[in-house]
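Asks: Could you have a look at this structure, given as structure tokens, before my questions?
The values are calculated or read from the model by the stated rules, or taken from the named source; none is laboratory data. Everything numeric here is computed off the predicted structure, so don't read it as measured data. With ideal geometry, Cβ positions are generated from the backbone for all residues, glycine too; neighbour counts draw on all protein chains shown. Heads up: the accessible areas ignore ligands, DNA and RNA and are worked out on the full protein's heavy atoms, side chains in. Shrake-Rupley method; radii C 1.70, N 1.55, O 1.52, S 1.80 Å.
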Amino acid sequence: MNNAEHLANVMVTAFIDAVGQGMDIIPVVADSTSTAKIAPFIEKFPDRIVNVGIAEQTLVGTAAGLALAGKIAVTCNAAPFLIARANEQVKVDVCYNNTNVKLFGLNAGASYGPLASTHHAIDDISVVRGFGNIQIFAPSSPLECRQIIDYALAHVGPVYIRLDGKALPELHDESYRFRPGAIDLLRDGNDIALVAMGSTVHEAVDAASRLADQGITTRVINVPSIRPLDREALSESLRGMDRVISVEEHNVNGGVGSIVAEVLAEYGHGAKLKRLGIADGDYAIAADRKDMRAWHGIDAAGIVQQALNMMNHA
Amino acid sequence: MNPFLLSVPELEKKARAVRRHIINLNANSPAGGHTGADLSQVELLTALYFRILNCAPERVEDRDRDIYIQSKGHAVGCYYCVLAEAGYFPLAWLETYQHANSHLPGHPVKQKTPGIELNTGALGHGLPVAVGLAIAAKRDNSKRRIFLITGDGELAEGSNWEAAMAAAHYQLDNLVIINDKNGLQLAGATREILNTDPLDEKWRAFGMEVSACQGNDMHAVVAALESLTPCGKPHVLIAHTTKGAGVSFIAGKPEWHHRVPKGDEITLAMNELKDL
């Protein structure tokens with residue numbers, strides 16, 4: 001894992017740089033200073049952070065109040081509690097009020113692995129997609145993450161950024177430029193398309209390499225920008241593909257798999273779609289990341305298996 | 001500074017005008033209303049907007065203006081009538097309360113109505129947001145104060161107490177929480193549904209400076225609001241009110257939580273609310 005970096009560290013560095021550039025950023029935490037890896041920020045700006053204790057509703061409401069007063073409020077705590085515990089505060093105080101709050105959902109997906117389902121956020125994208133006004137991003141690599149954060153801090157309005165809880169290697173070279181709404185074609189091929197978001201993009205890239213060894217060419221599409229999303233571009237990238245697999249560490253409902261299904265249907269594609277993720281009506285198992293992904297078939301091996309099944313049933 | 005600075009007799013006259021607007025506004029609503037809750041907080045909101053608050057329609061962009069948050073969003077009818085009287089929008093709009101896509105929806109919507117600072121309606125949201133506003137004012141060395149009115153039934157929402165702890169921890173003495181304590185909520189008496197008493201002891205235990213007043217007595221309301229001085233703690237003013245205050249057949253009647261006046265009731269109410 002060359003150049004692997006934890007996305008929370010990317011986030012904190014972006015905050016430090018932004019304050020240095022004169023942005024009035026106030027991180028709001030719910031006792032989550034270690035989760036946010038925010039010690040370097042506190043060291044530089046000891047009086048800037050607001051810690052409301054273990055109280056996510058107040059975390060989000062307070063962030064909205066800070067934003068109404070002209071601050072750029074950035075919440076930094078675990079995604080499962082941010083989106084579930086403070087659901088109505090996200091809906092009302094942040095989204096409905098259209099406040100300039102940036103919600104950072106840390107350790108999203110099943111990053112907390114063995115800590116079990118209270119600590120898993122496999123519904124966050126589907127929940128936030130139901131709210132108005134808010135933009136939604138799921139970075140897959142450190143460089144992309146930094147560019148998304150820089151965009152989000154400059155954008156005026158609510159943003160949710162889903163961050164994985166493990167160090168992620170770089171997928172992009174220095175020429176990469178994130179654009180809100182744009183899809184990110186990582187690999188081209190004609191036999192099958194893989195569409196993924198967040199950390200599972202790495203599994204898709206790995207799976208594409210393994211499929212290439214078997215003579216199957218794979219198109220790998222990263223969707224970092226859940227909203228806005230250039231649906232026309234996603235449709236075009238899937239045009240002519242007969243087989244599509246979506247991959248996410250999220251429930252198959254409401255995440256990138258649902259988005260792909262919507263686009264395929266809305267644009268009249270005839271492709272067959274297999275959505276890989278946490279199954280309909282299920283929770284992620286409590287297990288180490290590797291074992292959890294294998295169990296739910298969202299690791300590279302699982303993707304390869306599904307791809308071969310689709311190829312054999314074509 | 002408040003642009004009106006009305007005397008207590010002038011405030012009492014203004015409160016009667018607000019009550020007449022409340023009767024008409026609810027009578028014209030095609031979708032019911034919260035007449036009892038509206039009438040309950042008339043003195044509180046009238047005193048705030050016409051004597052206490054440092055805010056005015058032409059100063060909505062002023063970063064130092066005081067902020068009022070209507071946490072009990074269902075009493076929006078009173079809020080609209082006071083904002084209209086204060087010049088935030090034309091009085092004629094009051095006839096459109098809850099009409100299709102009106103400027104005056106059934107709960108506060110800042111994108112629709114000038115003067116509204118926060119969209120509310122779901123209960124227990126005002127105080128956490130007020131905490132954020134108050135922290136920001138402290139950090140900006142602003143003299144801004146944040147006022148909000150909560151219902152006593154609303155205090156069953158736990159988010160209020162989370163936020164109260166944060167407010168006390170950050171010593172937000174620029175924050176004024178007014179409890180419109182009328183003792184009634186949707187399903188009946190607050191004491192019987194979920195007793196929030198003793199409220200004063202609860203707030204003190206959470207680190208607040210607490211005072212109380214008769215919330216439908218303008219003299220008492222003005223005296224209580226003007227006696228608040230920064231003391232390192234958030235302020236709580238427990239305003240003992242009567243739901244439906246000012247109209248004899250509405251006052252203290254739980255069924256007026258979600259009722260609007262009709263026919264003869266309008267005439268009867270207006271007779272009671274004539275200027276003295």
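Asks: Of the conditions (1) surrounded by fewer than 21 Cβ atoms within 10 Å (Cβ to Cβ); (2) more than 14 Å from chain A (Cβ to nearest Cβ), B:Ala37 fails just one. Which one is it?
Replies: (1)
Asks: Might you check whether a residue that is among the polar types (S, T, N, Q), surrounded by fewer than 24 Cβ atoms within 10 Å (Cβ to Cβ) and on the phi > 0 side of the Ramachandran plot occurs anywhere in region B:41-63? Can you show your working first?
Replies: Filtering region B:41-63 down to residues among the polar types (S, T, N, Q) leaves B:41, B:46, B:54.
Add one more test, that the residue is surrounded by fewer than 24 Cβ atoms within 10 Å (Cβ to Cβ), and what stays is B:54.
Filter again for on the phi > 0 side of the Ramachandran plot, leaving none.
No, that holds for no residue.
Asks: Could you tell me which of the residues B:Ile67, B:Ile135 is within 14 Å of chain A (Cβ to nearest Cβ), surrounded by 22 or more Cβ atoms within 10 Å (Cβ to Cβ) and either more than 18 Å from the chain's Cα centre (by Cα) or hydroxyl-bearing (Ser, Thr, Tyr) (or both)? Steps first, answer last, please.
Replies: Working: B:Ile67 fails: either more than 18 Å from the chain's Cα centre (by Cα) or hydroxyl-bearing (Ser, Thr, Tyr) (or both).
Result: B:Ile135 is the single residue among B:Ile67, B:Ile135 that is within 14 Å of chain A (Cβ to nearest Cβ), surrounded by 22 or more Cβ atoms within 10 Å (Cβ to Cβ) and either more than 18 Å from the chain's Cα centre (by Cα) or hydroxyl-bearing (Ser, Thr, Tyr) (or both).
Asks: In region A:57-86, which residues are more than 9 Å from chain B (Cβ to nearest Cβ) and in a helix (DSSP H, G or I)?
Replies: A:Ala79, A:Pro80, A:Phe81, A:Leu82, A:Ile83, A:Ala84, A:Arg85
Asks: Check region A:11-33 and report whether any residue there is among the aliphatic types (A, V, I, L, M), away from chain B (no Cβ under 11 Å), out of contact with any strand residue (DSSP E or B) (no Cβ under 8 Å at 6 or more places or on another chain) and surrounded by 18 or more Cβ atoms within 10 Å (Cβ to Cβ). Break it down stepwise before answering.
Replies: Here is the first cut: in region A:11-33, the ones among the aliphatic types (A, V, I, L, M) are A:11-12, A:14, A:16, A:18-19, A:23, A:25-26, A:28-30.
Next cut, away from chain B (no Cβ under 11 Å) only: A:11-12, A:14, A:16, A:18-19, A:23, A:25, A:29.
If we keep only those that are out of contact with any strand residue (DSSP E or B) (no Cβ under 8 Å at 6 or more places or on another chain) as well, we get A:12, A:14, A:16.
Remaining after also requiring surrounded by 18 or more Cβ atoms within 10 Å (Cβ to Cβ): A:12, A:14.
Among the residues of region A:11-33, at least one is among the aliphatic types (A, V, I, L, M), away from chain B (no Cβ under 11 Å), out of contact with any strand residue (DSSP E or B) (no Cβ under 8 Å at 6 or more places or on another chain) and surrounded by 18 or more Cβ atoms within 10 Å (Cβ to Cβ), which makes the answer yes.
Conditions tested, residue by residue: (1) closer than 21 Å to A:Glu248 by Cα; (2) assigned to a strand (DSSP E or B); (3) open to solvent by 60 Å² or more (accessible area, probe 1.4 Å); (4) not assigned by the TED database to the domain that holds A:Leu229.
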| residue | (1), (2), (3), (4) |
| --- | --- |
| A:Ile148 | yes, no, no, yes |
| A:Ala152 | no, no, no, yes |
| A:Val156 | no, no, yes, yes |
| A:Ile161 | yes, yes, no, yes |
| A:Arg177 | no, no, yes, yes |
| A:Gly189 | yes, no, no, no |
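Asks: Test A:Gly165 against the criterion of being open to solvent by 10 Å² or more (accessible area, probe 1.4 Å), closer than 30 Å to A:Ala67 by Cβ and not assigned by the TED database to the domain that holds A:Lys272, and give yes or no. Spell out how you get there, then give the answer.
Replies: Details: open to solvent by 10 Å² or more (accessible area, probe 1.4 Å): yes; closer than 30 Å to A:Ala67 by Cβ: yes; not assigned by the TED database to the domain that holds A:Lys272: yes.
In short, yes.
Asks: Just to be sure before I move on: is A:Val92 of a type in the set (Val, Ile, Thr) and at the interface with another protein chain (Cβ under 7 Å from one of its Cβ atoms) in the structure I sent?
Replies: Numbers: of a type in the set (Val, Ile, Thr): yes; at the interface with another protein chain (Cβ under 7 Å from one of its Cβ atoms): yes.
Answer is yes for this residue.
Asks: State all residues of region B:1-34 that are crowded, with 24+ Cβ neighbours inside 10 Å and not in a helix (DSSP H, G or I); if no residue qualifies, say none.
Replies: Within region B:1-34, B:Gly33, B:His34 qualify.
Asks: Here is a follow-up. So for region B:92-103 (the condition being open to solvent by 10 Å² or more (accessible area, probe 1.4 Å), under 22 Å from B:Ala15 (Cα atoms) and in contact with a Pro (Cβ under 8 Å, 6 or more places away or on another chain)), does at least one residue qualify?
Replies: No: zero hits.
Asks: Answer yes if at least one residue in region A:124-136 is touching a His at 6+ places or on another chain (Cβ under 8 Å), of a type in the set (A, V, I, L, M, F, W, C) and assigned to a helix (DSSP H, G or I), and no otherwise. Show your work before the answer.
Replies: Here is the first cut: in region A:124-136, the ones touching a His at 6+ places or on another chain (Cβ under 8 Å) are A:124-126, A:135.
Within this subset, residues satisfying the condition of being of a type in the set (A, V, I, L, M, F, W, C) are A:125.
Next, only the ones that are assigned to a helix (DSSP H, G or I) stay: A:125.
Scanning region A:124-136, I find at least one residue that is touching a His at 6+ places or on another chain (Cβ under 8 Å), of a type in the set (A, V, I, L, M, F, W, C) and assigned to a helix (DSSP H, G or I), so the answer is yes.
Asks: One residue is enough: does region B:159-171 have a residue meeting the conditions touching a residue at least 60 places away in the same chain (Cβ under 8 Å), open to solvent by 10 Å² or more (accessible area, probe 1.4 Å) and within 30 Å of A:Ile49 (Cβ to Cβ)? Show your work before the answer.
Replies: Step one: filter region B:159-171 for residues touching a residue at least 60 places away in the same chain (Cβ under 8 Å), giving B:164, B:167-168, B:171.
In the following step, the residues that additionally are open to solvent by 10 Å² or more (accessible area, probe 1.4 Å) were identified as B:168, B:171.
In the following step, the residues that additionally are within 30 Å of A:Ile49 (Cβ to Cβ) were identified as B:168, B:171.
Yes - at least one qualifying residue is present in region B:159-171.
Asks: Moving on to the next point. Can you find even one residue in region A:201-215 that is hydroxyl-bearing (Ser, Thr, Tyr) and open to solvent by 30 Å² or more (accessible area, probe 1.4 Å)? Explain how you work it out, then say what you get.
Replies: Restricting attention to region A:201-215, the residues satisfying the condition of being hydroxyl-bearing (Ser, Thr, Tyr) are A:209.
Retained after the next criterion (residues that are open to solvent by 30 Å² or more (accessible area, probe 1.4 Å)): A:209.
Within region A:201-215, one or more residues are hydroxyl-bearing (Ser, Thr, Tyr) and open to solvent by 30 Å² or more (accessible area, probe 1.4 Å).
Asks: Scan region A:95-126 for residues that are hydroxyl-bearing (Ser, Thr, Tyr) and either surrounded by fewer than 21 Cβ atoms within 10 Å (Cβ to Cβ) or within 14 Å of chain B (Cβ to nearest Cβ) (or both) and jot them down. Explain how you work it out, then say what you get.
Replies: Applying the first criterion (hydroxyl-bearing (Ser, Thr, Tyr)) to region A:95-126 yields A:96, A:99, A:111-112, A:117-118, A:126.
Result: A:Tyr96, A:Thr99, A:Ser117, A:Thr118, A:Ser126.
Asks: Of the residues in region A:38-56, how many are among the small types (Gly, Ala, Ser) and within 12 Å of chain B (Cβ to nearest Cβ)?
Replies: Keep residues of region A:38-56 that are among the small types (Gly, Ala, Ser), which gives A:39, A:53, A:55.
Still in the list and also within 12 Å of chain B (Cβ to nearest Cβ): A:53, A:55.
The number of residues fulfilling the criteria is 2.
Asks: Further question: Being more than 22 Å from A:Lys166 (Cβ to Cβ) and either in contact (Cβ under 8 Å) with a residue 40 or more places away in the chain or open to solvent by 30 Å² or more (accessible area, probe 1.4 Å) (or both) narrows it down to one residue among A:Gly61, A:Gly130; which is it? So that I can check it myself, show each step before the final result.
Replies: Details: A:Gly61 fails: either in contact (Cβ under 8 Å) with a residue 40 or more places away in the chain or open to solvent by 30 Å² or more (accessible area, probe 1.4 Å) (or both).
Answer to the check: A:Gly130.
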